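*Asks:* Take this structure first; my questions come after.
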Amino acid sequence: MRCVAFMRNVNQGQRGHPSTSDIVAGFADAGCPGVQTFQSNGTILFDSDEPASVVEQAADAVAARSGHAREILWIPLSELGAVVDEHGGTPEPRRFEFTLHSGTRIDPHDARVASLAAEYRCSIVDAGQGWALVRNEVEGEGHATPVLENLTGKRATSRGLPTLIRLVARFGS
(Lines give C-alpha, C1' and ligand atoms only; values in the text may rest on other atoms or scores of the structure.)
Protein backbone atom coordinates (compact mmCIF):
# COMPACT_ATOMS: atom_id res chain seq x y z
CA MET A 1 0.00 0.00 0.00
CA ARG A 2 1.29 3.47 -0.88
CA CYS A 3 1.27 5.77 2.15
CA VAL A 4 2.15 9.32 3.09
CA ALA A 5 3.86 10.06 6.40
CA PHE A 6 4.02 13.45 8.09
CA MET A 7 6.86 13.98 10.54
CA ARG A 8 5.90 16.49 13.19
CA ASN A 9 7.88 19.71 13.49
CA VAL A 10 10.48 19.07 10.80
CA ASN A 11 12.33 21.49 8.58
CA GLN A 12 14.88 19.34 6.80
CA GLY A 13 18.26 20.96 6.44
CA GLN A 14 17.83 23.23 9.43
CA ARG A 15 19.94 22.90 12.56
CA GLY A 16 18.16 20.90 15.25
CA HIS A 17 16.06 18.91 12.75
CA PRO A 18 16.55 15.49 11.16
CA SER A 19 18.24 15.69 7.76
CA THR A 20 16.80 14.20 4.59
CA SER A 21 19.47 11.48 4.68
CA ASP A 22 18.56 10.63 8.31
CA ILE A 23 14.89 10.34 7.34
CA VAL A 24 15.55 8.20 4.26
CA ALA A 25 17.98 5.97 6.17
CA GLY A 26 15.57 5.70 9.11
CA PHE A 27 12.82 4.42 6.85
CA ALA A 28 15.30 2.02 5.23
CA ASP A 29 16.19 0.74 8.71
CA ALA A 30 12.45 0.15 9.21
CA GLY A 31 12.22 -1.98 6.05
CA CYS A 32 11.27 0.70 3.50
CA PRO A 33 14.38 1.45 1.43
CA GLY A 34 12.60 3.22 -1.45
CA VAL A 35 11.00 6.20 0.26
CA GLN A 36 10.60 9.57 -1.39
CA THR A 37 10.62 12.82 0.53
CA PHE A 38 8.38 15.63 -0.67
CA GLN A 39 9.43 19.22 -0.05
CA SER A 40 11.52 19.77 3.10
CA ASN A 41 8.85 19.56 5.77
CA GLY A 42 9.06 15.90 6.74
CA THR A 43 6.51 14.60 4.22
CA ILE A 44 7.48 11.09 3.08
CA LEU A 45 5.95 8.65 0.60
CA PHE A 46 6.49 4.96 1.30
CA ASP A 47 5.10 1.54 0.39
CA SER A 48 4.23 -0.99 3.06
CA ASP A 49 1.73 -3.66 3.99
CA GLU A 50 2.33 -2.74 7.65
CA PRO A 51 2.58 1.07 7.66
CA ALA A 52 1.92 1.53 11.40
CA SER A 53 4.84 -0.73 12.26
CA VAL A 54 7.11 0.91 9.68
CA VAL A 55 6.33 4.40 10.97
CA GLU A 56 6.96 3.38 14.59
CA GLN A 57 10.30 1.78 13.69
CA ALA A 58 11.25 4.68 11.40
CA ALA A 59 10.60 7.23 14.18
CA ASP A 60 12.97 5.31 16.47
CA ALA A 61 15.58 4.93 13.72
CA VAL A 62 15.46 8.61 12.69
CA ALA A 63 15.84 9.66 16.34
CA ALA A 64 18.81 7.30 16.79
CA ARG A 65 20.50 8.53 13.60
CA SER A 66 19.84 12.26 14.03
CA GLY A 67 19.51 12.74 17.76
CA HIS A 68 16.17 14.46 17.12
CA ALA A 69 13.01 12.56 18.09
CA ARG A 70 9.90 13.38 16.07
CA GLU A 71 6.45 11.83 15.94
CA ILE A 72 5.44 10.41 12.58
CA LEU A 73 1.82 9.98 11.52
CA TRP A 74 0.63 8.37 8.29
CA ILE A 75 -2.33 7.96 5.94
CA PRO A 76 -2.88 5.83 2.82
CA LEU A 77 -2.19 7.93 -0.29
CA SER A 78 -5.56 6.82 -1.70
CA GLU A 79 -7.38 8.31 1.30
CA LEU A 80 -5.41 11.53 1.05
CA GLY A 81 -6.17 11.61 -2.69
CA ALA A 82 -9.90 11.32 -1.96
CA VAL A 83 -9.70 14.36 0.35
CA VAL A 84 -7.83 16.34 -2.33
CA ASP A 85 -10.36 15.24 -4.97
CA GLU A 86 -13.23 16.46 -2.79
CA HIS A 87 -11.72 19.71 -1.48
CA GLY A 88 -8.83 20.62 -3.80
CA GLY A 89 -10.99 22.72 -6.09
CA THR A 90 -11.77 25.31 -3.43
CA PRO A 91 -11.15 28.86 -4.65
CA GLU A 92 -9.06 29.57 -1.53
CA PRO A 93 -6.83 26.52 -0.91
CA ARG A 94 -4.30 28.52 1.14
CA ARG A 95 -6.85 28.79 3.95
CA PHE A 96 -7.03 25.01 4.35
CA GLU A 97 -4.80 22.68 6.35
CA PHE A 98 -4.91 18.90 6.41
CA THR A 99 -4.01 17.53 9.83
CA LEU A 100 -3.06 14.03 10.90
CA HIS A 101 -3.59 13.13 14.56
CA SER A 102 -3.63 9.95 16.63
CA GLY A 103 -6.94 10.63 18.35
CA THR A 104 -10.40 9.35 17.56
CA ARG A 105 -12.54 10.63 14.70
CA ILE A 106 -13.57 14.27 15.15
CA ASP A 107 -17.19 15.26 14.52
CA PRO A 108 -17.06 18.69 12.83
CA HIS A 109 -20.73 19.28 13.75
CA ASP A 110 -20.25 18.70 17.49
CA ALA A 111 -20.92 21.97 19.35
CA ARG A 112 -17.78 21.65 21.50
CA VAL A 113 -15.62 21.03 18.44
CA ALA A 114 -17.10 23.99 16.55
CA SER A 115 -16.77 26.26 19.58
CA LEU A 116 -13.11 25.40 20.19
CA ALA A 117 -12.26 25.79 16.50
CA ALA A 118 -13.98 29.20 16.46
CA GLU A 119 -11.77 30.30 19.39
CA TYR A 120 -8.78 29.61 17.11
CA ARG A 121 -10.41 31.44 14.17
CA CYS A 122 -11.00 28.34 12.09
CA SER A 123 -13.52 25.58 11.41
CA ILE A 124 -13.24 21.87 10.78
CA VAL A 125 -14.86 21.20 7.41
CA ASP A 126 -14.23 17.47 7.06
CA ALA A 127 -12.76 14.66 9.12
CA GLY A 128 -12.00 10.96 9.08
CA GLN A 129 -10.26 8.49 11.32
CA GLY A 130 -7.01 10.18 12.35
CA TRP A 131 -7.38 13.28 10.15
CA ALA A 132 -9.21 16.57 9.81
CA LEU A 133 -9.41 19.30 7.19
CA VAL A 134 -9.44 22.77 8.76
CA ARG A 135 -10.36 26.09 7.14
CA ASN A 136 -8.66 29.11 8.69
CA GLU A 137 -10.56 32.40 8.73
CA VAL A 138 -7.45 34.29 7.59
CA GLU A 139 -5.34 33.15 4.63
CA GLY A 140 -1.82 32.23 5.68
CA GLU A 141 -2.68 31.55 9.31
CA GLY A 142 -2.31 28.02 10.62
CA HIS A 143 -4.46 26.89 13.52
CA ALA A 144 -5.16 23.26 12.67
CA THR A 145 -2.41 21.62 14.73
CA PRO A 146 -3.22 23.37 18.03
CA VAL A 147 -6.97 22.84 17.56
CA LEU A 148 -6.56 19.12 16.91
CA GLU A 149 -4.05 18.69 19.73
CA ASN A 150 -6.48 20.44 22.08
CA LEU A 151 -9.43 18.32 20.93
CA THR A 152 -7.63 14.97 21.03
CA GLY A 153 -5.07 15.50 23.79
CA LYS A 154 -2.51 13.98 21.41
CA ARG A 155 0.14 15.27 19.01
CA ALA A 156 -0.90 16.36 15.54
CA THR A 157 0.83 17.69 12.44
CA SER A 158 -0.52 19.65 9.49
CA ARG A 159 0.23 20.40 5.86
CA GLY A 160 -1.36 23.08 3.72
CA LEU A 161 -3.88 21.99 1.12
CA PRO A 162 -1.76 23.44 -1.75
CA THR A 163 1.10 21.12 -0.69
CA LEU A 164 -1.21 18.10 -0.78
CA ILE A 165 -2.67 19.09 -4.14
CA ARG A 166 0.88 19.12 -5.58
CA LEU A 167 1.75 15.83 -3.85
CA VAL A 168 -1.30 14.00 -5.20
CA ALA A 169 -0.78 15.50 -8.68
CA ARG A 170 2.80 14.25 -8.69
CA PHE A 171 2.39 10.81 -7.12
CA GLY A 172 -1.25 9.96 -7.85
CA SER A 173 -3.65 8.36 -5.47
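The values are calculated or read from the model by the stated rules, or taken from the named source; none is laboratory data. None of these values were measured; they are calculated from a predicted model. Glycine gets a Cβ as well: all are built from the backbone with ideal geometry, and neighbour counts include every protein chain shown. The area values use the complete protein model at the heavy-atom level, side chains included, leaving out ligands, DNA and RNA. Shrake-Rupley method; radii C 1.70, N 1.55, O 1.52, S 1.80 Å.
*Asks:* Could you say whether any residue in region 65-83 is within 25 Å of residue 133 (Cβ to Cβ) and in contact with a Gly (Cβ under 6 Å, 6 or more places away or on another chain)? Walk me through it before giving the result.
*Replies:* In the first step, residues of region 65-83 are kept if they are within 25 Å of residue 133 (Cβ to Cβ); the result is 70-83.
From the residues that got through so far, the ones that are in contact with a Gly (Cβ under 6 Å, 6 or more places away or on another chain) too are none.
No, there is no match, as no residue in region 65-83 is within 25 Å of residue 133 (Cβ to Cβ) and in contact with a Gly (Cβ under 6 Å, 6 or more places away or on another chain).
*Asks:* If you don't mind, there's one more thing I want to ask. On the given criteria, is residue 70 of a type in the set (Lys, Arg), at pLDDT below 95 and under 25 Å from residue 154 (Cα atoms)?
*Replies:* Numbers: of a type in the set (Lys, Arg): yes; at pLDDT below 95: yes; under 25 Å from residue 154 (Cα atoms): yes.
Considered against the rule, which asks whether it is of a type in the set (Lys, Arg), at pLDDT below 95 and under 25 Å from residue 154 (Cα atoms), residue 70 comes out as yes.
*Asks:* Out of region 14-37, which residues are of a type outside the set (Gly, Ala, Ser) and touching a strand residue (DSSP E or B) at 6+ places or on another chain (Cβ under 8 Å)?
*Replies:* If the condition is that a residue be of a type outside the set (Gly, Ala, Ser) and touching a strand residue (DSSP E or B) at 6+ places or on another chain (Cβ under 8 Å), then 18, 20, 23, 24, 27, 32, 35, 36, 37 are the ones that fit.
*Asks:* Go through 101, 109, 87 for me and flag whichever is surrounded by 18 or more Cβ atoms within 10 Å (Cβ to Cβ), farther than 26 Å from residue 17 by Cα and not small (Gly, Ala, Ser).
*Replies:* On the way: 101 fails: farther than 26 Å from residue 17 by Cα; 109 fails: surrounded by 18 or more Cβ atoms within 10 Å (Cβ to Cβ).
Exactly one of 101, 109, 87 is surrounded by 18 or more Cβ atoms within 10 Å (Cβ to Cβ), farther than 26 Å from residue 17 by Cα and not small (Gly, Ala, Ser), namely 87.
*Asks:* A further question follows. Taking residue 50, is it farther than 15 Å from residue 164 by Cα, at pLDDT 95 or above, open to solvent by 50 Å² or more (accessible area, probe 1.4 Å) and acidic (Asp, Glu)?
*Replies:* On the way: farther than 15 Å from residue 164 by Cα: yes; at pLDDT 95 or above: yes; open to solvent by 50 Å² or more (accessible area, probe 1.4 Å): yes; acidic (Asp, Glu): yes.
Yes.
*Asks:* I've got another one for you. Could you list all residues from region 31-52 that are in contact (Cβ under 8 Å) with a residue 12 or more places away in the chain and over 17 Å from the mean Cα position of the chain (by Cα)? Before you say what the answer is, go through the steps one by one.
*Replies:* Restricting attention to region 31-52, the residues satisfying the condition of being in contact (Cβ under 8 Å) with a residue 12 or more places away in the chain are 31-32, 34-49, 51-52.
Residues satisfying the conditions are 31, 32, 34, 48, 49.
*Asks:* From the list 28, 69, which residue is in contact with a helix residue (DSSP H, G or I) (Cβ under 9 Å, 6 or more places away or on another chain), free of Cβ contacts under 8 Å to residues at least 40 places away in the same chain, in a loop (DSSP other than H, G, I, E, B) and open to solvent by 40 Å² or more (accessible area, probe 1.4 Å)? So that I can check it myself, show each step before the final result.
*Replies:* Working: 28 fails: in a loop (DSSP other than H, G, I, E, B).
Of 28, 69, the one residue that is in contact with a helix residue (DSSP H, G or I) (Cβ under 9 Å, 6 or more places away or on another chain), free of Cβ contacts under 8 Å to residues at least 40 places away in the same chain, in a loop (DSSP other than H, G, I, E, B) and open to solvent by 40 Å² or more (accessible area, probe 1.4 Å) is 69.
*Asks:* Spot the failing condition for residue 96; the list is (1) surrounded by fewer than 19 Cβ atoms within 10 Å (Cβ to Cβ); (2) in contact with a His (Cβ under 7 Å, 6 or more places away or on another chain), and only one is missed.
*Replies:* Here residue 96 clears every test but (1).
*Asks:* OK, next. Among the listed residues 170, 135, 159, which satisfies the condition of being touching a Ser or Thr at 6+ places or on another chain (Cβ under 8 Å) and open to solvent by 50 Å² or more (accessible area, probe 1.4 Å)?
*Replies:* Values: 170 fails: touching a Ser or Thr at 6+ places or on another chain (Cβ under 8 Å); 159 fails: open to solvent by 50 Å² or more (accessible area, probe 1.4 Å).
Every option except 135 fails the conditions.
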